[in-house]
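This report concerns only the one structure given below.
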Amino acid sequence: MRLAAPKLFYKMCGLAAAAVLLDQVSKYLIFRVWTDMGPEFPVLPVFSLVKRYNTGISFSLFATDHEFGPWVFALLATIIAFGLLIWLSQTAERLPALGLALVVGGAVGNVIDRVREGAVMDFLLFHWKDLAWPAFNLADSFITIGVALLIFDGVFGGKKRA
């Protein structure tokens with residue numbers, strides 16, 4: 001397979017690796033270093049740090065306690081990440097490459113959690129009074145931003161193709 005833009009591909013692989021590193025370091029700090037935090041640590045009136053384990057996928061969809069659940073989700077995410085890396089290798093445009101790198105980095109960060117912990121480690125919680133958005137982590141943020149960039153490029157990117 002020939003790379004469409006080798007320099008861009010290698011830079012984006014570096015970005016994906018940096019996303020994995022940031023995600024894993026943040027989870028280590030919250031779950032392993034900051035052990036006296038308690039179940040919820042209010043930071044702002046609308047934001048708290050929490051320690052939650054998600055056995056499902058985004059927003060705890062398909063949550064399962066089955067012993068093979070983390071392995072199935074990890075395998076699916078790994079296959080998707082490899083597919084996105086192939087797409088990235090054929091991309092010569094910066095915006096979709098950036099989006100793909102962020103999605104790959106986020107997916108790998110969550111795969112590491114599933115393999116090591118049996119669930120994804122979430123710790124960011126936005127809330128207002130009794131309403132709360134589901135807890136998430138940096139990997140989820142990278143995936144969301146990456147998908148948004150891909151959608152933006154698909155809608156406004158003109159006739160260029162990734």
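Laboratory data are not the source of any read-out in this text; all were calculated from the coordinates shown. What you see is a predicted model, and the numbers here were worked out from it, not measured in a lab. Note that we place each Cβ from the backbone using ideal geometry, even for glycine, and neighbour counts take in every protein chain shown.
Brief remarks on what is shown
- In the calculated pair-distance distribution of the chain, the portion above 25 angstrom amounts to 37 percent of the Cα-Cα pairs.
- In terms of other Cβ atoms within 10 Å, Phe47, Phe136 run from fewest to most in the order Phe47, Phe136.
- Extension gain from Trp34 to Ala92, taking 0.36 nm per residue of separation minus the Cα-Cα distance: 16.7 nm
- Ranked for footprinting exposure by Cβ neighbours inside 10 Å, fewest first, Tyr53, Tyr10 give Tyr10, Tyr53.
- Counting only alpha carbon atoms, the long axis of helix 138-156 and the longest principal axis of the chain meet at about 40°.
- Helix 69-89 and the longest principal axis of the Cα set of the chain meet at an angle near 30°.
- Sum of -39500 (n - 2.57) over DSSP H runs of 4+, divided by residues of the chain (222 nm, nearest 500): -18500 deg cm²/dmol
- Simple rule: put +1 on each Lys or Arg Cβ and -1 on each Asp or Glu Cβ in the chain, find the dipole, and look at Leu75, Leu95, Ala17; the Cα lying farthest toward the positive end is Leu95.
- Principal-axis analysis of the Cα atoms of the chain puts helix 94-117 at an angle of about 40° to the longest axis.
- Since only Met37, Ala135, Leu8 are under comparison, the one whose Cα sits farthest along the positive direction of the charge dipole of the chain, derived from C-beta charges on Lys, Arg, Asp and Glu, is Leu8.
- Charge dipole magnitude, Cβ of K and R +1, D and E -1 - the chain, Cα centre, debye nearest 20: 800 debye
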